[in-house]
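The values are calculated or read from the model by the stated rules, or taken from the named source; none is laboratory data. Just so it is clear, the model here is predicted, and its values are computed rather than measured. All accessible areas refer to the heavy atoms of the entire protein, side chains included, with ligands and DNA or RNA removed. Shrake-Rupley method; radii C 1.70, N 1.55, O 1.52, S 1.80 Å.
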Amino acid sequence: MFSTWGTSYNAVVGVGDNTGDGRSDLVERDTAGNLYRNAGDGKGPFGASMSGTAVAMAAS
């Protein structure tokens, strides 16, 4: 994930706890305008990116 920041993402925002697990998460926007979420694990790394569609499905 880190190697693609700056080449594919044009915005990365710490949004707080988006998943409801008590750990901070990130939201990114790529250069095409697609949104992604990376769930934090509370230990430093963030999980794999989920696309906006996958994020919406996981929330339902």
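With θ set to phi - 60° and the Karplus curve 6.51 cos²θ - 1.76 cosθ + 1.60, what are the ³J(HN,Hα) couplings of segment 18-26 in order, to the nearest whole Hz, using x for Gly and Pro?
Karplus values, whole Hz, x for Gly and Pro: 7, 9, x, 9, x, 10, 5, 10, 10.
If amide H atoms are built 1.01 Å from N in the plane of the peptide, which residues on other chains or at least 5 residues away come under 5 Å of the amide H of Gly40?
For Gly40, the qualifying residues are Asp25, Leu26, Gly47.
Of Tyr36, Tyr9, which has the most accessible area with a 1.4 Å probe, and how do the rest follow in descending order?
Largest to smallest exposure gives the sequence Tyr36, Tyr9.
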